[in-house]
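Read through the structure below, which is laid out as structure tokens, and then see the notes.
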Amino acid sequence: MISLPRFFKQRQFLQIAALILLALLLAIGALPGYLGGKWQWKQPPPIINLGEIKKLRKTGLAIPEWKITQQQEQMLGSGKWSLQIMEKDGGKQAAILLLLPQNGPKDQPQVEWTEINSWGRMQWGEWQVAQYRQAEFAVQQPQIEEKAKVKARFFRAHSKQQTFAVLQWYAMPNGGHFSPLNWFWADQFAQWHKQRVPWVAVSLLVPMEPLGEVETTWEQVKSIGKTVQIRLFNFNS
């Protein structure tokens, strides 16, 4: 049996070793910036296409075969979103697309999904969430050999007047995820290579049968979600 004093000494040694390793990693990452007089956390690398991403607030996102019937900037919580209402097949299909584009090189995604809940309550008086699950899909994006994978939040939201199937994720050039932590690690890795990972928060709402089973809408919602993911960072088309 290991004695308590010996156990605590070993534990203290491991903690010190971990701190030294962390300091070395930080030093290695900071050394090039220090020698060049540029601190990475004060002067992060520029974000390619940031201007185009920010324009989404004013223009919305054009989606093939869908007609935008209404688009405007909408203040939700602490951020300005693009709110667009779309229809297809002469109004037989409809959808609401909310986009929160990155606003600057130091702008980080937060938990904006609670802001959507507040917006729903403001619009319809209540916003009840049910049948939640994590959903995955993949798309073939331009200039990327492997398919971009997206892991999103998928659930039903309803009020007394309306029921929606909802799909939410942070879109990035190489895929997407509903957790801001996923973006954080991707961006940290990119900064080691003097690059950045832009992001756009996406909340897609598709009207469905009142209080119905959200799974019956999955193929339709997934199809729209795939198109949104492809279009968001394809600025040359």
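The values are calculated or read from the model by the stated rules, or taken from the named source; none is laboratory data. Predicted model, so just to flag it, every value in this text is computed and none were measured. Positions of Cβ are generated from backbone atoms using ideal geometry, with glycine treated the same way; all protein chains shown enter the neighbour counts. Surface areas here come from the heavy atoms of the whole protein model, side chains and all, with no ligands, DNA or RNA. Shrake-Rupley method; radii C 1.70, N 1.55, O 1.52, S 1.80 Å.
Ligands, DNA and RNA aside, T114 has an accessible area near 80 Å² when probed at 1.4 Å. Averaging the Cα positions of each part gives two centres, and for the stretch 192-237 and the stretch 53-110 these lie 11 Å apart. With all protein chains kept in place, the per residue accessible area of the stretch 69-176 amounts to 49 square angstrom at a probe of 1.4 angstrom.
Projecting the Cα atoms of N174, A157, W119 onto the charge dipole of the stretch 63-194 (Cβ charges, centred on the Cα centre) puts A157 farthest toward the positive pole. Rounded to 0.05, the FRET efficiency of the T59 and S223 pair, given R0 = 35 Å and the Cβ-Cβ distance, is 0.95.
What a 1.4 Å probe finds exposed on the stretch 167-237 is 56% carbon and sulfur by accessible area, rounded to a whole percent. Only the Cβ atoms of Lys and Arg (+1) and of Asp and Glu (-1) were treated as charged; on that basis the dipole of the stretch 54-146 about its Cα centre amounts to roughly 380 debye. Summing +1 for each Lys or Arg and -1 for each Asp or Glu among the other residues whose beta-carbon sits under 15 angstrom from that of D187 gives +2. Averaged over residues, the count of other Cβ atoms within 10 Å places the peptides 199-207, 124-132 in the sequence 199-207, 124-132, highest first. Of all lysines in the structure, the ones whose alpha carbon falls short of 25 Å from that of K194, not counting any fewer than 8 places away in one chain, are K38, K42, K54, K55, K106, K147, K149. When the residues K226, K147 are ordered by accessible surface, computed with a 1.4 Å probe over the protein chains alone, the sequence from largest down reads K147, K226.
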